[in-house]
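Q: This structure is in structure tokens; I'll ask about it shortly.
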Amino acid sequence: MTHGVREFQRVHIRPAPAFDLERVTEIWQYRDLLGIWVWRDIRVRYRQSAVGLGWALIQPIMILVVFTFVFGKLAEIPSDGYPYPIFAFSGMLPWQYFQKAVTTASASLVTSGGVLTKVYFPRLIPPTAAVLVALVDFLLALAILVVLMLWFGVVPSARILVVPLLLVLTTALALGISLWIAAFSIDFRDAQHALPFAIQMWMYLTPIVYPLSLVPEPISYLYSLNPVVGIVEGFRWVILAPQNAPPMLPLSITTLVACLALYFGVRYFTRQERTLADRV
Amino acid sequence: MTKPAISAQCLGKRYTKGLSRADQLVGRGLKSLMRSFRKDGDDVRNDSDVIWALRNATFEIQPGEVVGIIGPNGAGKSTMLKVLSRITDPTEGEAWINGRVGSLLEVGTGMNPELTGRENVFVNGCVLGMSRGDVRRKYEEIVEFAGIGPFMDTPVKRYSTGMKLRLAFSVAAHLDPEIIMIDEVLAVGDAAFQKKCLGAMEEVSRKGRTVLFVSHNMPAVAGLCSRALWIDGGRIVADGASGEVVAEYLKDGCPSLAQKIWADADSAPGDGTMKLRAAQVHDAAGKVKETFDVNEELKVTLKFELLRGPAVILVQLRFLTEGGVTAFSTFDRDPRWADANRPTGHYVSTVTIPGNLLAEGRMIVRCLMHTRNPNQKHIDVENLLAFDVQDRADGTTARGTFGGRIYGIVRPRLDWVTERVSK
């Protein structure tokens, strides 16, 4: 009589309490499902398009080319003295990860709707898997960045060790926000429609195609309240390696917002998901 | 003392009808605003918007019990399974589950048409709760049970519906949890497949697993389950030995689809010449029922009005199976009225259908009424009434004690004579 990896369970079914930590720790028991979910999403995407996984590479390259031409050459936006392509890309890279993670994770409950009403598994899995899938894309784009850096003769310094930390920060921020939006969308479907627009505006309010130095002094403090600023500036600090200190103010804000978003996001989400089968 | 597999206390699930939360927020906001203007501050809550799909469900299921859950449609059976499977939360009460649960509310959950059969086995298996190691270990068995070996590396979108079903059920059949909850999954597929499913279920109960089986298939429930819970209107109406509960359930059908009354002549079907005012399916004693035993006599009574006369009327009832096949038609040939010119007025017609004629299943009744010379149709109600015919498989019917599938839209009990003619 095989029991598999999961141990004998004793489960308590009751109306939703304020915050059920068990719904989070359960993910460990379902870790195989999380892995398979990520694997499946990537596999399906690969199968569906002619270019397959190549799309994950083509997309960042195309963006790079267009941005360099439009913003770098035509608009002649300054880039703090660095070659525009690498300047823009170092900002675009984390942004693309953040944007894809938030967009797919917020919609993950809706896109997997059928399964959720037929079988029980921790509902945190679909959004978490979506974020991990975006992470895979990020790693592929990172490969392009490395090529770019070698091309432009930009040598990575010891700062590169900070990248995993930045990655954790971005993941926490993206996951927290997505969980909040996903939970909110269960009742208010409109949130899904407003999201792409909001993300688009958000991109312009982040120093991706232009440097932070372009934002005038008093406004720049307000501007830095945008948690993604910390992430983008952090990545720039690692990749372009300017002489100054790391951007502590934006990074502290990012860390604070990420922690709050993750805590309240998980809390709100685990509360809402318990009756989502009644509404989806 | 062993802990019960499932122990529920006062489980309840409430649904609020209609509006989504967003609309409700606005509605509630306005209501509270209005309330602040009202003089005596009375809180008028609208109770009709609330539905208790499940109320006060209390029971204990010991490990190894095979329990059937029966009841009319919409009674709360699926809600009960959903709450116990943790798919949705109860509104009140609580339950304790000891052991891993595998729910089969639908087969093939999580399968993706782009992936191959092999890949989908892993996806579906993990979704149902197996670990990757479990799936790997059981992979050969799963493929063999499904019987689609050579196609495992083809994308599922190329499979026929039958193949998809077999694969999905095969994965589910190898789940092997301590507690299994099944919701009418066996209602799909062809005869050979259903046989396989019933076989799998028997095997599972032999292994000592706890099974919760929601079904409309009374012979299966009486045959496979030792105990049955009858749920009606969200409450547990009966809980006991499956044979007894099933018998009680069959005796006491519920009148809803079995009766139609049009109090208001304007809304009644028909035209200026004839109007149908009421129709019911009932037993010999006159009790309106929705469920009948296969060997029970049943009657259909029609109340109608002839407004323009005198006229020769043709009253017809057609009995159809759920699949739309007409089992038979019957005409009112009562010698007093059949070809005679009837005067205007209200009429009541009753037809008796003998026991041991209809087969098991749901029958739909259609009513047509014509006037003759010239033939003109005045009433044609397609889904007028519906009722279920059940066979208890206790030996007194044509089915005997056989629990499998019997073909045919009628099931007469005929006389057979058999002699032994040689050694």
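Values quoted throughout were computed directly from the atomic coordinates according to the rules given, and no laboratory measurement underlies them. Since the model is a prediction, treat every value here as computed from it, not as a measurement. Every residue, glycine among them, receives a Cβ derived from its backbone with ideal geometry; neighbour counts consider all protein chains shown.
Q: Amide H to amide H under 5 Å from residue B:274: which residues, 5+ apart in sequence or cross-chain, H placed 1.01 Å off N in plane?
A: Here the answer is B:307, since their amide H atoms fall under 5 Å of that of residue B:274.
Q: Under the Karplus relation 6.51 cos²θ - 1.76 cosθ + 1.60, θ = phi - 60°, what is the ordered set of whole-Hz ³J(HN,Hα) values for the range B:137-153, x standing for Gly and Pro?
A: 5, 9, 3, 4, 4, 4, 5, 5, 4, 6, x, 10, x, x, 9, 4, 9
Q: If you don't mind, there's one more thing I want to ask. Using a Cα-Cα cut-off of under 12 Å, which aspartates and glutamates could be cross-linked to residue B:77, ignoring same-chain neighbours fewer than 8 residues away?
A: Output for residue B:77: B:183, B:184, B:232.
Q: Skipping prolines and chain starts, which residues have an amide H placed within reach, meaning under 5 Å, of the one on residue B:358, given they are 5 or more residues away or on another chain?
A: Excluding prolines and chain starts, which carry no amide H, the hits are B:411.
Q: Tell me the label-point distance for the pair residue A:214, residue A:244, using the 7 Å Cα-to-Cβ offset, in nm and rounded to one decimal.
A: For the pair residue A:214/residue A:244, the computed spacing is 1.7 nm.
Q: Sticking with this structure for a sec: What's the FRET efficiency of residue B:341 with residue B:239 using the Cβ-Cβ distance as r and R₀ = 56 Å, to the nearest 0.05?
A: Plugging the Cβ-Cβ distance into 1/(1 + (r/R0)^6) gives 0.45.
Q: Under 9 Å from the Cβ of residue A:91, count the other residues' Cβ atoms, weight Lys and Arg +1, Asp and Glu -1, and hand me the total.
A: 0
Q: Under 5 Å between amide H atoms, partner at least 5 residues away or on a different chain: which partners does residue B:54 have, H built in plane at 1.01 Å?
A: Long-range HN contacts for residue B:54: B:13.
Q: Follow-up. Where does each of A:204, A:84 land when they are ranked from fewest to most other beta-carbon atoms within 10 angstrom?
A: By the 10 Å Cβ count, ascending: A:204, A:84.
Q: Let me ask you something else. Note down the magnitude of the dipole of the range B:127-233 about its Cα centre, charges +1 on Lys and Arg C-beta and -1 on Asp and Glu C-beta and zero elsewhere, to the nearest 20 debye. Provide the component values of the computation, followed by the final result.
A: Values: 14 positive and 13 negative charges, 51 e Å.
Here the range B:127-233 has a charge dipole of around 240 debye.
Q: Still on this structure: Per-residue mean of other chain beta-carbon atoms within 10 angstrom of the beta-carbon, peptide B:88-94?
A: If you average over the peptide's residues, the count of other-chain Cβ atoms is 5.
Q: What are the lysines whose alpha-carbon lies under 16 Å from the alpha-carbon of residue B:299, with same-chain residues fewer than 8 places away excluded?
A: The qualifying lysines are B:251, B:260, B:287, B:289.
Q: Hey, another quick one. Hey, got the dipole for chain B? About the Cα centre, +1 on K and R Cβ, -1 on D and E Cβ, debye to the nearest 20?
A: Its charge dipole is roughly 500 debye.
Q: Give the peptides B:92-105, B:319-332, A:181-194 in descending order of average Cβ contacts within 10 Å, highest first.
A: B:92-105, A:181-194, B:319-332
Q: What is the extension gain from residue B:325 to residue B:73, computed as 0.36 nm multiplied by their sequence separation minus the C-alpha to C-alpha distance, in nm to one decimal?
A: 88.5 nm
Q: Related question: Over what distance in Å are the Cα centres of the range A:220-280 and the range A:31-90 separated?
A: Here the answer is 21 Å between Cα centres.
Q: A further question follows. Less than 14 Å Cβ to Cβ from residue B:372, Lys/Arg counted +1 and Asp/Glu -1: what total charge do the surrounding residues give? Before the final figure, lay out the partial values.
A: Details: positive: B:308, B:333, B:342, B:377; negative: B:332, B:339.
That sum, taken over residues with Cβ under 14 Å, equals +2.
Q: Relative contact order of chain B: what whole-number percent is it, with Cα pairs under 8 angstrom and at least 6 residues apart?
A: For chain B, the relative contact order is 14 percent.
Q: Relative to the longest principal axis of the C-alpha atoms of chain A, give the angle of the C-alpha long axis of helix A:54-67, reported between 0 and 90° and rounded to the nearest 10°.
A: Approximately 40 degrees, to the nearest ten.
Q: What is the angle, in °, between the Cα long axis of helix A:190-204 and the longest principal axis of the Cα atoms in chain A? Nearest 10 is fine, range 0 to 90.
A: So the helix axis and the longest Cα principal axis differ by about 20 degrees.
Q: I've got another one for you. So which of B:82/B:138; A:100/B:13; B:3/B:138 end up more than 32 Å apart by C-alpha? Mind showing how you got there, number by number?
A: Details: B:82/B:138 27 Å; A:100/B:13 37 Å; B:3/B:138 29 Å.
Beyond 32 Å between Cα atoms: A:100/B:13.
Q: Under 18 Å Cα to Cα from residue B:377, which lysines show up? Leave out anything in the same chain fewer than 8 places away.
A: Hits, sequence-local ones excluded: B:275, B:303.
Q: While we're here: Under a point-charge model restricted to the Cβ atoms of Lys and Arg (+1) and Asp and Glu (-1), what is the dipole moment magnitude of the range A:27-269 relative to its Cα centre, in debye to the nearest 20? Could you put the intermediate results ahead of the total?
A: Values: 13 positive and 9 negative charges, 148 e Å.
For the range A:27-269, the charge dipole is close to 700 debye.
Q: Kindly write out, for the range B:329-334 in residue order, the coupling ³J(HN,Hα) from the Karplus curve 6.51 cos²θ - 1.76 cosθ + 1.60 (θ = phi - 60°), rounded to whole Hz, with x marking Gly and Pro.
A: Ordered by residue, 3J(HN,Hα) equals 10, 9, 10, 6, 10, 3 Hz.
Q: Under the rule a/c < 1.5 gives rounded, and otherwise a/b versus b/c splits prolate from oblate, where does chain A land using the Cα gyration tensor?
A: prolate
Q: In the range B:125-281, what % of DSSP beta bridges are antiparallel (nearest 5)? All intermediate terms of the calculation are to be shown ahead of the outcome.
A: On the way: 10 of 15 bridges.
Expressed as a percentage, antiparallel bridges in the range B:125-281 total about 65.
Q: For peptide B:74-83, what's the mean number of Cβ atoms from other chains within 10 Å of each residue's Cβ?
A: Details: counts 0, 0, 0, 0, 0, 1, 0, 0, 5, 2.
What the average comes to for B:74-83 is 1.
Q: If a/c stays under 1.5 just call it rounded; otherwise compare a/b with b/c (prolate if a/b is bigger, oblate if not). Do that for chain B, with a ≥ b ≥ c from the square roots of the Cα gyration tensor eigenvalues.
A: Oblate, since a/c reaches 1.5 and b/c is not below a/b.
Q: Given R₀ = 41 Å, FRET efficiency for residue A:29-residue A:70 by Cβ-Cβ distance, to 0.05?
A: On the way: r = 49 Å, r/R0 = 1.20.
E(calc), rounded to 0.05, equals 0.25.
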